1. DSSP loop GluC sites (Glu not before Pro) in the range A:334-430 with at most 12 other Cβ atoms within 10 Å of their Cβ, which ones?
2. Please work out the Cα convex hull volume for the range A:176-232 and give it in Å³ per residue.
3. In cubic angstrom, how much convex hull volume per residue do the alpha carbon atoms of the range A:474-553 span?
4. So for the range A:380-478, considering every pair of alpha-carbon atoms, how many percent are separated by more than 22 Å?
5. Measuring from label point to label point, each 7 Å out along Cα→Cβ, what is the A:Ala301 to A:Glu151 span in nm?
6. If neighbour count is taken as other Cβ atoms inside 10 Å, put A:Trp90, B:Trp119, A:Trp145 in order from fewest to most.
7. How big is the range A:258-363 along each principal axis, measuring the range of its Cα positions in Å and listing the largest first?
8. Cut-off is 10 Å between beta-carbons; in what order do A:Arg58, A:Arg345, A:Arg503 appear when sorted fewest neighbours first?
Amino acid sequence: MAQRLKPVDAVTIGVGLTGSLAAHELTQAGLKVVGLERGAARFTVPDFQSPAIHDELRFSIRKGMMQDNTKVAVTFRNNSDETALPIRRWESFLPGQGLGGSFVHWNGQSFRAQVADFVYRTHLLQRYGKKFLDSCGPELTVQDWGVTYDELESHYDRFEQLIGVCGKAGNIKGRIEPGGNPFEAPRSREYPNPPMKETYFGAIFRKAVDNLGYHPYPQPSSNLSRPYTNPLGLKLNACVFCGFCERYACEHYAKGSPQTAILPVLLKNPNYELRANCEVLRINLDSTGKKATGVTYVDGAGREFEQPAEIVFVTAFPLNNVRTLLLSGVGKPYDPRTGEGVVGRNYTYQTTGGPTVFMDESINVNPFMSSGAPGTMIDDFGGDNFDHSNLGFIGGQYVGSIMTGGRPIEFHPTPPGTPAWGLEWKRAVARHYNHTISVQQHGTSAPSRLNYLDLDPTYKDAWGQPLLRMTFDFPENDIRMSQYIADKTVEIGRAMGGKIVTRGGTKRPYTTTVYQSTHNCGGAVMGDDPKTSAVNRYQQCWDVPNVFSLGGSSFPQNITYNYSVTIGALTLWSLEAIKKQYLKSPGAMVQA
Amino acid sequence: MADISRRTLIKATGAVGATVLPFAVDANETPSQALNEHNQVRTPSIAGANAGAGDPQRQPTYLFFNAEEAGFIEAAVARLIPKDEQWDGAIEAGVPSYIDKQLAGAWGAGERLYRSGPWQPGTPSQGYQLPFTPAELFRTALRVINQELSATPFVQMSPDQQDSYLKSLEAGGKDLGGVPSQVFFAHLWQSTVEGFFSDPVYGGNRNMVSWRMIGFPGAYASYYSLVDRHGIKLERAPMSLAEDAHGHIHVDAAIPATSP
């Protein structure tokens with residue numbers, strides 16, 4: 001029997017980016033908040049320190065910072081005709097676990113979405129018409145977000161100031177700025193910090209794309225380019241390019257994260273209580289099913305508790321947000337046969353991949369001198385930045401030279417045709433390691449009525465509850481899109497001086513066995529219509545208005561860019577509305 | 001034990017490719033001899049033997065593999081990443097010891113492997129779907145391999161024959177006690193790559209040979225002043241986690257391990 005605890009104003013399920021940010025806003029407004037984190041509490045000192053943190057085997061290969069999949073895994077199948085089986089080892093995507101969540105091991109690649117992204121369906125219909133959109137795939141379920149870029153701009157700005165994003169503005173209030181990204185959505189002001197130093201691979205890429213007439217710019221980064229004090233008074237250091245960022249925590253306080261930018265203030269607030277090692281089993285609803293009464297969780301010792309709360313914030317990794325809603329009966333589950341229901345609908349991913357560019361032996365690339373966001377890149381093929389009328393697909397990708405380190409278990413490229421092992425393999429590795437550049441394609445993932453999340457009928461977690469089941473393959477649209485850009489990217493690789501340039505691009509079927517991206521998106525998407533969205537424009541659940549589901553699970557489809565900064569902006573947007581409107585008059589903030 | 005020759009021990013146990021001993025005797029014996037030669041551990045000096053035996057970093061003892069298994073693993077990794085005129089290979093780098101330690105520990109026991117049934121073969125997109133832990137997988141497959149090769153053990157084959165046999169495993173289609181041979185080969189290869197390139201604290205990559213071969217500087221923490229010196233050739237020697245004193249256990253109780 002669960003022990004019933006003293007009620008609080010709000011509880012967050014997960015204490016990563018959205019959980020710590022929401023709790024900060026709420027505690028500042030005077031609410032009593034409990035943060036429930038399934039993983040351990042962990043801090044820059046002593047947990048992230050050298051030498052142990054620079055261990056490729058432990059963190060990159062053995063996935064030391066990731067969700068304990070022996071307790072909670074995800075099952076997967078490419079389509080509804082197959083039987084989903086557990087992803088028994090994380091490879092394709094890597095949800096984090098522990099205080100700070102995935103926002104500890106992220107790379108710090110810090111983009112805003114574009115104006116058209118938030119009104120994607122409206123934009124595509126206006127520019128190309130319904131016939132064109134239908135021709136890209138009748139199964140596609142592209143939709144608007146219910147919130148616009150203009151509404152989010154000040155929240156983007158605030159979030160960038162909080163984590164100290166470095167970059168060069170390409171568009172300030174509609175004025176195109178030299179050196180920045182001319183395709184960038186208009187910003188109210190410059191980035192908080194200047195761009196990071198350009199790497200050698202970045203400079204080689206810049207020269208090539210300049211010659212090809214594209215528009216290179218420095219990748220916006222939350223690995224800091226200089227010491228910085230954020231608006232909460234927290235001091236971050238300059239990144240030293242150690243080359244251990246993605247899949248690692250930062251030992252230097254140089255990466256924007258809950259640990260560096262939020263938690264030191266939040267944890268001192270008497271209105272806040274962190275409870276680590278606590279696994280939330282479900283959100284509890286009252287007899288009407290329209291109001292949440294709190295959550296039930298199990299602590300590290302296996303003791304079950306009921307934590308009553310006025311508001312429940314679902315603030316876990318996107319896949320876990322969707323699973324929590326499904327396990328709790330919040331919102332109607334999506335049924336792919338009828339197209340009805342919303343929870344699990346519009347699950348999307350990210351199209352990635354790109355060529356490997358083998359350079360002359362005289363070029364010392366030094367890939368290990370790097371940060372998590374060291375790229376020089378172009379957006380000429382991003383989103384809807386180019387005319388799609390005659391292309392037969394929607395969407396796009398950024399292209400950049402982004403090498404986040406040279407850690408050799410993962411990175412030891414050999415040209416096509418090299419034997420897979422043996423003496424020739426070894427000599428090829430020695431020849432090419434420091435003379436090879438990876439070029440990244442990274443972009444949109446279109447939603448399909450065939451791709452969704454639900455509860456697995458067979459496989460269970462450590463507490464006996466169903467695992468989340470993922471049914472996903474890339475729509476043909478995304479293959480056409482990514483292969484079109486693969487051609488352009490090969491040209492760039494040759495212009496970089498590549499002696500051998502492989503060809504990238506996304507292929508079907510999607511496989512869980514190769515790392516692609518941890519930008520799992522959607523499944524509890526935001527929108528204006530309760531028939532096609534699980535949450536309203538404030539990420540408030542339509543059916544249970546005192547439950548808010550925050551984060552990447554709210555994206556109706558995935559954008560060109562890495563999603564973390566947009567998640568931060570959406571969180572602040574929702575919290576502002578909650579403080580201004582909901583707390584004064586609890587209930588649905590948008591009438592269905 | 002110092003006066004027992006390796007050949008004697010092998011005869012006594014009937015094993016070929018037995019556990020690496022702290023001293024070498026017969027250069028024609030098995031690939032494990034190369035390791036001993038490379039490390040220049042002298043035979044049959046009592047002092048030398050003791051020095052080797054007392055230093056597990058230099059002469060590790062197998063914790064997981066039995067003698068037959070070790071024989072195959074040593075000979076196989078010597079073909080997967082061979083020594084050449086310039087750089088040591090997997091044997092010299094201690095890869096068998098790395099794999100042994102991994103299989104003897106948490107990884108071998110199924111660390112970070114979701115292990116609930118029901119079990120059924122999946123599609124390639126669904127990844128590994130066998131009930132075997134890595135330790136069970138190696139043990140099961142190696143037993144079948146060594147039985148199959150009992151007439152001519154792998155270690156006694158010529159390098160070309162060894163390569164052909166490894167390629168036959170890699171190509172798949174052979175059932176190794178329930179382990180498809182290509183799955184075993186993939187595990188063997190991945191483990192070999194890990195042992196060759198991971199930090200030497202895990203028992204492989206001795207003398208940071210792979211890092212020196214490719215020019216990876218290891219666990220250095222900063223390139224701030226170098227990153228914009230485009231194309232420079234970094235000449236400094238690589239660094240292991242073991243070279244950072246903060247990570248060490250201090251023998252003297254008065255010195256806290258968490259200094260400074």
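Read-outs throughout are calculated quantities, based only on the coordinates presented, and are distinct from any laboratory measurement. All figures in this text were calculated on a predicted structure; none of them were measured in a lab. FYI the Cβ positions are ideal-geometry reconstructions off the backbone, even for glycines, and counts take in every protein chain you see.
1. A:Glu361
2. Considering the Cα atoms of the range A:176-232, their hull volume per residue is 94 Å³.
3. 150 Å³
4. When every Cα pair of the range A:380-478 is considered, 61 percent fall beyond 22 Å.
5. In this crude spin-label approximation the distance works out to 4.6 nm.
6. B:Trp119, A:Trp90, A:Trp145
7. 69, 49, 25
8. Ordered from fewest to most neighbouring Cβ atoms within 10 Å, A:Arg58, A:Arg345, A:Arg503 come out as A:Arg503, A:Arg58, A:Arg345.
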